Every structure is written in C-alpha cells, then in structure tokens.
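The values are calculated or read from the model by the stated rules, or taken from the named source; none is laboratory data. As the structure is a prediction and not an experimental result, all values here were calculated from the model. Reconstructed Cβ throughout: ideal geometry from the backbone, glycine too, with neighbour counts over all protein chains shown.
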Amino acid sequence: MKQIFPLLFLTIFHSCAQSVKEGDKYPPQVGDISFDKNIDDPNFKPCDESRVFQYYNFGKGLQYKGEKPAIDQYFKNKARLSERAGESGFLTIRFIVNCEGKTGRFRVMGMDAQYQEKQFEKSVVDALLFLTRQLDGWVVAHDDKNKFDYYQYLTFKLEDGKLIEIMP
Amino acid sequence: MTRVAWILLFFPMYAFGQPNCNVYKMKGDSMCYHGCLAANVDFPQGSRQSQLQFDKAIELCPTLDYAYAEKAVPYLKRGDFVTWRKLIDKAVELNPLGHLGYRGWCRFQFVRDYKGAIEDIERLSSLTRFDIGYGANSDYQLNVARALCYKALGRKQQAIQIIEKQLSQKDYSPMTYDYLHLGVLKLETGDDAGAIVYLKKSIAYNDYLAENYYYLALVYKRQRKMAEFKEQMEKAKAYYLKGYKRFDPYTSPIDKIYLSDIERELSTPQ
C-alpha cells in the first residue's frame, strides 16, 4: 500500500494542483470553492490549497465533536426561524474545514422540492449561515503524520420556514 | 497516511458498473462504441478530466445513459443536488429500468426526499415483474428503502407491511438491517413483543450493532424492566465504543444511534 499511495495521491490531486483558468468549463474538482475577495474572510486559509479533500474521503462520515446530534441540537436550539409560507425546500451551505478545524469560504445554494434553484428569503439564509459560521466543533482530518483540509456541507430541509432535517 | 489511502482506493463508491462497449460494436454503432470507450477511461471521480471525458462520451453517443449517471455522482456527493438531478434525470429518461432505482435510492439517502424516492421506486416496480434490486450501498432491497420512506412520512404501519412482505418473499435473503428496522418500527408502534422478536432476530443475524441493544433496552424500559434495560443499554454502549454501530461514509442512516443517545438514556433517573 505504501508503494501504491504516492501514485494514487498524485493521480487524484494532479487536477487540484491545476489552476482555474478563465473559460474552464469545470473547476479542478467538482464543488471547488475559490477565494473571492468580495465575500471571503482573507484571514481564513486552507493549509494546502492544492489538495482539499471531501469530508467523505476519510471514511468517517461527518466529523463533529458530539457527532451529528450536536449539530442537530445546536440548530434546534439556536435557529430562530419563524413560520413563513413558501420557504420550503433545501438550503445547502458548503464550506472548507481547514487543517486547524477552522471554517471558511461559505457558499449557499437553495433548491425547491422539484430540484430547481431557489432563492430563500434573506432572513432565512442569514440565520442559517450565521449559525453555520459559528459552529466550532469540526474535527480536524488527519492521519498519523499529517492534517488535512476538507470540504463539508450542511443541507437544511425546510418546510414553510420550519427546520425539518439536517443532512448529511 | 495508509488509512486515507485505503479510503481513497474505494472513493468511487456509488459509481456504476462500467458498460460493456462491445455491445455497441456488435450492433455496428461506431459512435456509441467510441463514446462508451471514452466513458470507461478512469479519471478521479469529480475531477475536471473526468467530467470532460464524460462530455466527450456524451458528444459521441448522446444516448449513453451511463455517462450522464456517472457524471452526476460527484455533484450528489458534494451537495449540489440541482446539478445532480439534471444529469441523473437524463440517465433515467434514456434508461428508466437502469436508473430509476438508483435515483430513488439517492433521493432517500442523500436528499431525504421521501416522497420522491417512493415515486421512483414504485414507478420502477410498475415497469418490471422482476426484483427491483438494491440501494447503491447494497445494504437495502429497494422495497425496504421504500418502507423507510413511508416511516419517515409517518406511515409506520404501511412501512411494517412492506418490510414483512419483503421478508416473506420466497427467494429473499434478509439484508443486514432489515430486522433492526422492523424491530424499531414495532417498538415505535407499541408492539413490544414484536419489537423483541425482531431485535433479537437482528442480533442473531448480525451481532455487530449497538443499535440492536439500544432499541431492545428501550422496549424493556417501557415495560419497566429496569435491570434488563440497564444491561442492554450498557451493552449498546460497549458495542458503540468498539465501533460496532451503523455507519455510512456519506450520510447518517435511518435508526442510527449515537453515543450521546446512549449516555442520555443511562444518565436519566429511572
């Protein structure tokens, strides 16, 4: 395995090391989030921009102190979402957890029940985004020698403004 | 690094079986033969090269459902369900029998779109008289997944009926979690005796799950058999700490329990 890994690693991350050129149809990896000076915190930095993993690459699922119930409970206690007719669907917030367990580069995607893009009301987006930014229990991905950055997402299932379920 | 390497080796999980391109060759369909070969070139899932390769395959053979379905996978895993759906819909349109079950499963597992998952699985059932197959992680026959969707929608008796019917099928071999889910459903619908039967069956079938003991303990708790409750809940904790628990690398499975659930039960004054 030790002999296989360097080759495997290079194969997988060769694409990540490529720069995003204007006009590229796809980013180096589906779902990559580049730094945007207009919206991103300049103080947040991935430890290795060229190889940001996906949360599921580590075979441990979502890694958070207290596991998934800690996230469910946090939003249940803190999300002050009032009932709003029509605010139904799925709101996904995707971001990077860096090798220090800090988060940044948050991106929001809304989707309705027919899987079409949807703009949720600003108050709903702001509330969930604010709380997601405050989450501070992300577990650092690591092996025996190294710590890694990874992409994580949270999808909030909403029905008339009410938080029903959180994925993944 | 070794552990990560192992995981990465298996990272294209939920990918589809590669098609046999010779089918197109034998038909004399040169464009689709070459499109199929293009789709079979292995690049890391979700990479730019991989996505471009599928585009090339689709350009050569616009009816190659495999290329649409495979191109869709990284969007699903990374939370972009809008893009995933556009691509997987195309695959379903081209080959409903081949992709409806998969789409239904993913709507259940990743999106928790229970109604949509039921629609897909029931439509698949209407298209074939054969077994409708299994979920993408191979842990569930699709009727059991459908039952869990009904459970999530609050129709628990219907969920029980579906699982019981599936278990009674002549040639069906129960899957790893069938008895667990049926036991939990019995517990949730007030059938303590039924819950004990199926949770014990689940233990006999697969004694590597803290969940079996956790839910069994809850039955005893309801029956005020507190010694049995404590014994089973402690066992659930021991199993959990040994790593004997439900797990999926992508999502949180239905009826999965967590350490905090067990500790809350153990710490609540009885």
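Looking across segment A:97-129, the residues that are away from chain B (no Cβ under 12 Å) and in a strand (DSSP E or B) come down to A:VAL97, A:THR103, A:GLY104, A:ARG105, A:PHE106.
What number of residues in segment A:57-69 are in contact with an Asp or Glu (Cβ under 9 Å, 6 or more places away or on another chain) and either facing chain B (nearest Cβ under 7 Å) or closer than 16 Å to A:GLY104 by Cβ (or both)? Break it down stepwise before answering.
First pass over segment A:57-69, keeping only residues in contact with an Asp or Glu (Cβ under 9 Å, 6 or more places away or on another chain): A:58, A:61, A:65, A:69.
From what's left, either facing chain B (nearest Cβ under 7 Å) or closer than 16 Å to A:GLY104 by Cβ (or both): A:58, A:61, A:69.
Number satisfying all stated conditions: 3.
Look at (1) surrounded by 15 or more Cβ atoms within 10 Å (Cβ to Cβ); (2) in contact with a helix residue (DSSP H, G or I) (Cβ under 7 Å, 6 or more places away or on another chain); (3) more than 17 Å from A:LYS45 (Cα to Cα) and you find that A:GLU117 fails only one, number (1).
Can B:VAL111 be described as of a type in the set (A, V, I, L, M), free of Cβ contacts under 8 Å to residues at least 60 places away in the same chain and in contact with a Phe, Trp or Tyr (Cβ under 7 Å, 6 or more places away or on another chain)? So B:VAL111 passes the test. Of all the residues in segment A:130-143, those that are outside any loop (DSSP other than H, G, I, E, B) and more than 10 Å from chain B (Cβ to nearest Cβ) number 6.
Which one of B:ALA147, B:ALA204 is more than 27 Å from B:VAL82 (Cβ to Cβ), within 14 Å of the chain's Cα centre (by Cα) and assigned to a helix (DSSP H, G or I)? Going through B:ALA147, B:ALA204 in turn, the sole match is B:ALA147. Considering segment A:62-83, the residues that are in a loop (DSSP other than H, G, I, E, B) and modelled with pLDDT of 95 or more include one that is surrounded by the fewest Cβ atoms within 10 Å (Cβ to Cβ), namely A:LYS65.
Of all residues in segment A:64-76, none that is over 18 Å from B:LYS256 (Cβ atoms) and small (Gly, Ala, Ser) has its Cβ atom under 7 Å from the Cβ atom of a residue that is at pLDDT 95 or above and assigned to a helix (DSSP H, G or I), 6 or more apart or on another chain.
Looking at A:SER15, is it in contact with a Cys (Cβ under 6 Å, 6 or more places away or on another chain) and modelled with pLDDT under 95?
Working: in contact with a Cys (Cβ under 6 Å, 6 or more places away or on another chain): no; modelled with pLDDT under 95: yes.
Judged against the criteria, A:SER15 is not a match.
Consider segment B:106-147 and keep the residues that are small (Gly, Ala, Ser) and at positive phi. The one that is farthest from the other protein chains (Cβ to nearest Cβ) is B:GLY133. The set of residues from segment B:222-258 being exposed (fewer than 14 other Cβ atoms within 10 Å of the Cβ), within 14 Å of another protein chain (Cβ to nearest Cβ) and assigned to a loop (DSSP other than H, G, I, E, B) comprises B:GLY243, B:PHE247. The conditions of being acidic (Asp, Glu), part of a loop (DSSP other than H, G, I, E, B) and surrounded by 14 or more Cβ atoms within 10 Å (Cβ to Cβ) are not met by B:ASP261. If the condition is being surrounded by fewer than 10 Cβ atoms within 10 Å (Cβ to Cβ), within 18 Å of the chain's Cα centre (by Cα) and of a type outside the set (Val, Ile, Thr), then segment A:24-42 contributes A:ASP36, A:PRO42.
With touching a Lys or Arg at 6+ places or on another chain (Cβ under 7 Å) and surrounded by 24 or more Cβ atoms within 10 Å (Cβ to Cβ) as the only criterion, which of B:ILE118, B:ILE88 stands out? Show your work before the answer.
Details: B:ILE118 fails: surrounded by 24 or more Cβ atoms within 10 Å (Cβ to Cβ).
Of the residues listed, the single one that is touching a Lys or Arg at 6+ places or on another chain (Cβ under 7 Å) and surrounded by 24 or more Cβ atoms within 10 Å (Cβ to Cβ) is B:ILE88.
Has segment A:84-92 got any residue that is within 14 Å of the chain's Cα centre (by Cα) and outside any helix (DSSP H, G or I)? The answer is yes, given that some residue of segment A:84-92 is within 14 Å of the chain's Cα centre (by Cα) and outside any helix (DSSP H, G or I).
A:TYR74 - would you say it is on the phi < 0 side of the Ramachandran plot and away from chain B (no Cβ under 11 Å)? Spell out how you get there, then give the answer.
On the way: on the phi < 0 side of the Ramachandran plot: yes; away from chain B (no Cβ under 11 Å): yes.
Yes.
Among the residues making up segment A:144-168, those that are more than 11 Å from chain B (Cβ to nearest Cβ) and over 21 Å from A:ILE33 (Cβ atoms) are A:LEU158, A:GLU159, A:ASP160, A:GLY161, A:LYS162, A:LEU163. Total residues in segment B:64-100 satisfying the condition of being under 20 Å from the mean Cα position of the chain (by Cα), over 16 Å from B:LEU52 (Cα atoms) and of a type in the set (Asp, Glu): the figure is 2.
Within segment B:197-218, not a single residue is crowded, with 20+ Cβ neighbours inside 10 Å and of a type in the set (Val, Ile, Thr). Does B:ILE203 meet the test of being modelled with pLDDT of 95 or more and farther than 23 Å from A:GLU165 by Cβ? Criteria met by B:ILE203.
Of the helices (runs of 4 or more DSSP H) lying entirely inside segment B:65-127, those carrying at least 3 residues that are in contact with a helix residue (DSSP H, G or I) (Cβ under 6 Å, 6 or more places away or on another chain) and among the aliphatic types (A, V, I, L, M) are B:65-77, B:81-94, B:114-127. Remark: pairs (first residue in segment B:66-94, within 11 Å of chain A (Cβ to nearest Cβ) and closer than 20 Å to B:CYS21 by Cβ; second residue part of a loop (DSSP other than H, G, I, E, B) and among the small types (Gly, Ala, Ser); Cβ separation under 7 Å; 6+ apart in sequence or on different chains) = B:VAL73/B:ALA15.
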